[in-house]
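Following: one structure in structure tokens, then a few remarks.
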Amino acid sequence: LSAGIIGAPFSKGQSRDGVESGPDRIRAAGLLDRLQLQGCAVKDYGNLTFEDFVLDEPVRGSKRVRAVGSANQRLSEAVQTVKRDGHTAVVLGGDHSLAIGSIHGHAAAAGPLSVVWVDAHADVNTPLTSYTGNLHGQPMSYLLYELRSKVPELPNFSWMKPCVSSRDLVYVGLRDVDPAEHYILKLLGVKVFSMSQVDQLGVARVMEETCDYLWERAKKPIHLSFDIDAIDPSVAPATGTPVVGGLSYREGLFITEQLCQTGLLSAVDLVEVNPLRGQTEGQVHSTVSTAVDILLGCFGRLREGNHLLDYSLP
Ligand code: ARG
Ligand code: MN
Ligand code: MN
């Protein structure tokens, strides 16, 4: 097991300052050391830098499209490098518009993917359905083949093409879905485990059914795109768009334990940690350490305990 870490301190897919410091806060909480301590090889590819666009006027209501397009092109290339070097890619965000480049780069290097999207939000608005114009609420619409004709051409997006089939996508944790997004999910028949299904089935059945569903056709590399706002704001409050009634810490970890055990987890995004949105240092700490624990779970940490060596007991 080896992790290739990319920091993506990008915030222009939404309007709140602070989410660009996510990668460094997550590193400062000891992510790299702790991965190594649990037996995972780690290569840190550092933080990406992004081009500034002085003139980045809204395009059909969507904000800072040029910056988002350009940043995601860089990220896609970085993820391709990490995958070609043989690592499981870890993208530390930054806002969730980064999933465009992350998933695109992953698919470019690894072929067709299964995508598990853990989030309070579906992030499947098109530029024409979005109420907010924020690109972090839109990434899945750019990535799905089935929505290709619904997404207009945008500046700095000509490098990318859709690369995910709606049948290879599963959502977990949804509880704040816009009407047009709900229509899209129903129209395409996307598999959704909203918080209501988590309540009804329990997280264990949700993950069992997630894997069964994704493997019905073929076992493909899994891309986990984990928005920290999937976790309840009582645990992870330092994020731009918190929504009450989320996954517990335990449900969050269970999801990562199960996905890790498939042996197919090939890239992980951990996005929307915004230290400036915490009201106290304790709130920031709780959010960041939850993010770290989610990532450790993706790389084999088990709550039952782990051991690397055979101990000859004295
Ligand atoms: N649905 C809303 C929008 O389109 C909120 C999206 C929140 N997304 C996120 N990645 N936190 O703007
Ligand atoms: Mn979200
Ligand atoms: Mn999101």
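The values are calculated or read from the model by the stated rules, or taken from the named source; none is laboratory data. Note that the coordinates shown come from a computational prediction; the quantities given were computed from them, not determined experimentally. Heads up, the Cβs are rebuilt from the backbone with ideal geometry, glycines too, and the neighbour counts pull from every protein chain shown. Keep in mind that these areas ignore ligands, DNA and RNA; they rest on the heavy atoms of the full protein, side chains included. Shrake-Rupley method; radii C 1.70, N 1.55, O 1.52, S 1.80 Å.
Numbers below:
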item: Unique residue being away from ligand 3 (no atom under 16 Å from the Cβ) and surrounded by fewer than 18 Cβ atoms within 10 Å (Cβ to Cβ) when the list is Glu251, Glu209; result: Glu209
item: Test for Leu265: is it within 18 Å of the chain's Cα centre (by Cα) and within 16 Å of ligand 3 (Cβ to nearest atom); result: no
item: Failed item, numbered, when Val170 is tested on (1) touching a Phe, Trp or Tyr at 6+ places or on another chain (Cβ under 7 Å); (2) open to solvent by 50 Å² or more (accessible area, probe 1.4 Å); result: (2)
item: Selection within the stretch 179-215 - touching a Ser or Thr at 6+ places or on another chain (Cβ under 8 Å) and within 17 Å of Ala230 (Cβ to Cβ); result: Glu181, Val190, Lys191, Phe193
item: Subset tally (residues that are assigned to a helix (DSSP H, G or I), open to solvent by 10 Å² or more (accessible area, probe 1.4 Å) and more than 9 Å from ligand 1 (Cβ to nearest atom)) for the stretch 90-136; result: 5
item: Subset of the stretch 230-242 that is open to solvent by 20 Å² or more (accessible area, probe 1.4 Å) and within 13 Å of ligand 3 (Cβ to nearest atom) - its residue that is nearest to Arg16 (Cα to Cα); result: Thr241
item: Test for Gly69: is it in a helix (DSSP H, G or I) and either open to solvent by 60 Å² or more (accessible area, probe 1.4 Å) or not aromatic (Phe, Trp, Tyr) (or both); result: yes
item: Tyr171, sole failed condition from (1) within 15 Å of ligand 1 (Cβ to nearest atom); (2) touching a residue at least 60 places away in the same chain (Cβ under 8 Å); result: (2)
item: Filtered residues of the stretch 22-56 (kept if hydroxyl-bearing (Ser, Thr, Tyr) and part of a loop (DSSP other than H, G, I, E, B)); result: Thr49
item: Flag if Arg277 is touching a residue at least 12 places away in the same chain (Cβ under 8 Å), open to solvent by 10 Å² or more (accessible area, probe 1.4 Å) and over 27 Å from Cys211 (Cα atoms); result: yes
item: Matching residues in the stretch 137-149 - criterion: being part of a helix (DSSP H, G or I) and either of a type outside the set (A, V, I, L, M) or within 16 Å of ligand 3 (Cβ to nearest atom) (or both); result: Gly137, Pro139, Met140, Ser141, Tyr142, Leu143, Tyr145, Glu146, Arg148, Ser149
